[in-house]
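Novice: Take a look at this one; I'll ask things after.
Rule-based calculations on the coordinates, nothing more; no lab input. All of these numbers come straight from a predicted model, not from anything done at the bench. Cβ atoms come from the backbone with ideal geometry, glycine included; neighbour counts cover every protein chain shown.
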Amino acid sequence: MNTVLATPQPAKGNLLLVDDDADILKLLSIRLKASGYQVMTATSAEQALSMAAAERPDLVVTDLRMAGLDGMALFHEIERRHTGLPVIILTAHGTIPDAVAATRQGVFGYLTKPYDASELLAQVQRALTLHGSAAPARREDQSWHAEIITRSPLMEDLLLRTERVAQGEASILIQGESGTGKELLARALHNASRRADKPFVAINCGAIPEALLESELFGHKKGAFTGATADHPGLFVEAHTGSLLLDEIGDMPIALQVKLLRALEAREIRAVGSTKTIPIDVRIISASHKDLNQARADGTFREDLFYRLNVVTLRLPALRERREDIPLLLAHFLQRLSVRYGKNVTAFSPDALEMLIAAPWPGNIRQLYNVAEQVVALSSGQIVSTKVVEQAMQLEMQRIDSFEDARRRFEYDYLTRLLKLTQGSVTQAAKLAKRNRTEFYKLLQRHGIEAAHFKPTSP
């Protein structure tokens, strides 16, 4: 039996066609319906605006010259009311200067009548590819993942699975490359769980020195070590009855992995310097950009802890696996960053957007946000050109930290080196730094460094 493969059809999209000439409107509608698109028609800009408000289309194709509001006026109203909705303009009166002016203002495409059908279909397909179809109707309450912006089928499947596993109490491991939004997914999972009204606490296990991490997690008692001037409850206590995210769990030292496993098995913790145990009720969510299964095989991550944490695995796709989300994310970033920078940057030119969608994005959403910020900082108009995108991408590749971030990192590294060298002696470290003791203590407090953790332990 021979298998017959169907000819691939264009991606379905809901189009709104606008023209005050009924015959042209009918012909255009037939042609686009025959190509597989869903079509709505309007004979005026005013009618089109009402229809767009009632059922947002994926694309608007409009005549330029119409009675009442013309095509450009319609475009500006759509831009104001429905940010990110692409518009293609058709006209028998088009000129090259008109086309240039329209595209500079953010119009997606511009075709003159009589238009070439294949060119029109190509522009329609390109607009839907770049901007995507309208997001599917959401269920009544989707506020639990309101911060996750997506129309990707991969992400929609992940969110459905996240919602299902959120209802239980099993430990969750979130795997994904750096910058994919693991903490956002962890927060969403917490919001969808029965613990949603309880604390959500997060810690990056790779960002805290080993000497400090135990105290941060389990707490310490006053006087437990030099510098412990007050009781510190720790994050397990802070997260009691809620959820605790152990981000970059793969960077946790082996010695602390043992203590963490013991706490999870016994459902109790003991603060540093205390003889009493404290019962805990915490749901553990772990996250890592590392392959923990490989780390387990390599002996850098305990096997017993791996199975304790990895009851359910949620894998976040890389941005290159969900390129259809890039226009949505960029529109969101532009809106937020324009407010921050006091600018009115509203959209990307089609070529600029296409460039961004095609980029590799090894740093994922975090890198995309950095480029968007560079774009807003560099832009002088509403529409972002390819030139500005190229500049932003180049700056991102050569990215350097801000002066404040660089200074902060230098101070932290410098202070910890001094304390290691002097075995935790603040007096000696201050002398080496040529600072008075009080000033040195303030620096340690600013960076959350406790000198006692650098003192040699008794045999």
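Novice: Around residue 41, which amide H atoms from residues at least 5 apart in sequence, or from another chain, sit under 5 Å from its own amide H, with H modelled in the peptide plane?
Specialist: 17
Novice: Quick one: work out the % antiparallel among DSSP beta bridges in the stretch 14-131, nearest 5.
Specialist: 0 percent
Novice: Taking residue 26 as the anchor, which aspartates and glutamates have their alpha carbon closer than 14 Å to its alpha carbon, excluding any fewer than eight residues away along the same chain?
Specialist: 63
Novice: Per residue of the stretch 193-198, what does 6.51 cos²θ - 1.76 cosθ + 1.60 with θ = phi - 60° give for ³J(HN,Hα)? Whole Hz please, x for Gly and Pro, Karplus curve as stated.
Specialist: Result, rounded to whole Hz: 8, 6, 9, 4, 8, 9.
Novice: Once amide H atoms are placed 1.01 Å from N in the peptide plane, what residues at a sequence separation of 5 or more from residue 291, or on another chain, have their amide H within under 5 Å of its amide H?
Specialist: Those qualifying (amide H under 5 Å, at least 5 residues apart or on another chain) number zero.
Novice: In the chain, what % of DSSP beta bridges are antiparallel (nearest 5)? Spell out each step's value before the answer.
Specialist: On the way: 3 of 40 bridges.
Bridges in the chain that DSSP calls antiparallel: roughly 10 percent.
Novice: Among the lysines, select those whose C-alpha is under 22 Å from the C-alpha of residue 343, and discard any that sit fewer than 8 residues away in the same chain.
Specialist: Qualifying lysines at Cα under 22 Å: 387.
Novice: Just to confirm a number: summing +1 for Lys and Arg and -1 for Asp and Glu over residues other than residue 16 whose beta-carbon lies under 14 angstrom from that of residue 16, what do you get?
Specialist: Neighbourhood net charge equals -3.
Novice: Using alpha carbons only, how many angstrom separate the centre of the stretch 252-274 from the centre of the stretch 16-89?
Specialist: 63 Å
Novice: Could you give each residue of the stretch 287-298 its phi-based ³J(HN,Hα) in whole Hz, using Karplus coefficients 6.51, -1.76, 1.60 with θ = phi - 60°, and x for Gly or Pro?
Specialist: With coefficients 6.51, -1.76 and 1.60, one gets 8, 7, 8, 7, 7, 5, 5, 5, 4, 4, 5, 7 Hz.
Novice: When a/c reaches 1.5 or more, the comparison of a/b and b/c decides; with that in mind, is the stretch 263-332 rounded, prolate or oblate per its Cα gyration tensor?
Specialist: Since a/c reaches 1.5 and a/b is larger than b/c, the shape of the stretch 263-332 is classed as prolate.
Novice: With labels modelled as points extended 7 Å from the Cα through the Cβ direction, what inter-label distance (nm, one decimal) is found for residue 308 paired with residue 439?
Specialist: Modelled inter-label distance: 4.6 nm.
Novice: Please label the shape of the stretch 14-131 as rounded, prolate or oblate, based on the square roots a ≥ b ≥ c of the eigenvalues of the alpha-carbon gyration tensor (a/c under 1.5 means rounded; beyond that, a/b larger than b/c means prolate, else oblate).
Specialist: Here the stretch 14-131 falls in the rounded category.
Novice: Short version: ³J(HN,Hα) in whole Hz for each residue of the stretch 387-395, in order, from phi by Karplus 6.51 cos²θ - 1.76 cosθ + 1.60 (θ = phi - 60°), x for Gly and Pro, what are they?
Specialist: 4, 5, 4, 4, 4, 5, 5, 5, 5
Novice: Amide H to amide H under 5 Å from residue 274: which residues, 5+ apart in sequence or cross-chain, H placed 1.01 Å off N in plane?
Specialist: Amide H neighbours of residue 274: 221.
Novice: Explain nothing, just the number: relative contact order of the chain, from Cα pairs under 8 Å at least 6 residues apart, as a whole percent.
Specialist: Reported relative contact order: 13 percent.
Novice: Greater than 31 Å separation of Cα atoms is the criterion. Which listed pairs, 259/290; 198/290; 222/420; 290/442; 221/442, meet it?
Specialist: Cα-Cα > 31 Å for 290/442; rest within.
Novice: If you place +1 on the Cβ of every Lys and Arg and -1 on the Cβ of every Asp and Glu, how big does the dipole about the Cα centre of the stretch 264-422 come out, in debye to the nearest 20?
Specialist: Around 480 debye, computed over the stretch 264-422.
Novice: Can you give the relative contact order of the stretch 14-131 as a percent, counting alpha carbon pairs under 8 Å and 6+ residues apart? Could you put the intermediate results ahead of the total?
Specialist: Working: 173 pairs, mean separation 26.6, N = 118.
Over the stretch 14-131, the number comes to 23 percent.
Novice: If the label point is 7 Å along Cα→Cβ of residue 231, which residues in the stretch 262-301 have backbone nitrogen under 18 Å from it?
Specialist: Once the point is set 7 Å along Cα→Cβ of residue 231, 268-281 turn out to lie under 18 Å by backbone N, inside the stretch 262-301.
Novice: Which value, in debye to the nearest 20, gives the size of the charge dipole of the stretch 320-397 about its Cα centre, when Lys and Arg are +1 and Asp and Glu are -1 at the Cβ? Intermediate results must be reported in sequence, preceding the final value.
Specialist: Values: 8 positive and 8 negative charges, 51 e Å.
Its charge dipole is roughly 240 debye.
Novice: Quick check for me: using +1 on Lys/Arg Cβ and -1 on Asp/Glu Cβ, what's the dipole size of the chain about its Cα centre, in debye to the nearest 20?
Specialist: 1860 debye
Novice: A further question on this structure: Subtracting the Cα-Cα distance from 0.36 nm times the residue separation, let me have the gained length for residue 56 to residue 262 in nm, one decimal. Could the numbers behind the result be given before it?
Specialist: Numbers: separation 206, 0.36 × 206 = 74.16 nm, distance 5.40 nm.
Between residue 56 and residue 262, full extension yields 68.8 nm more.
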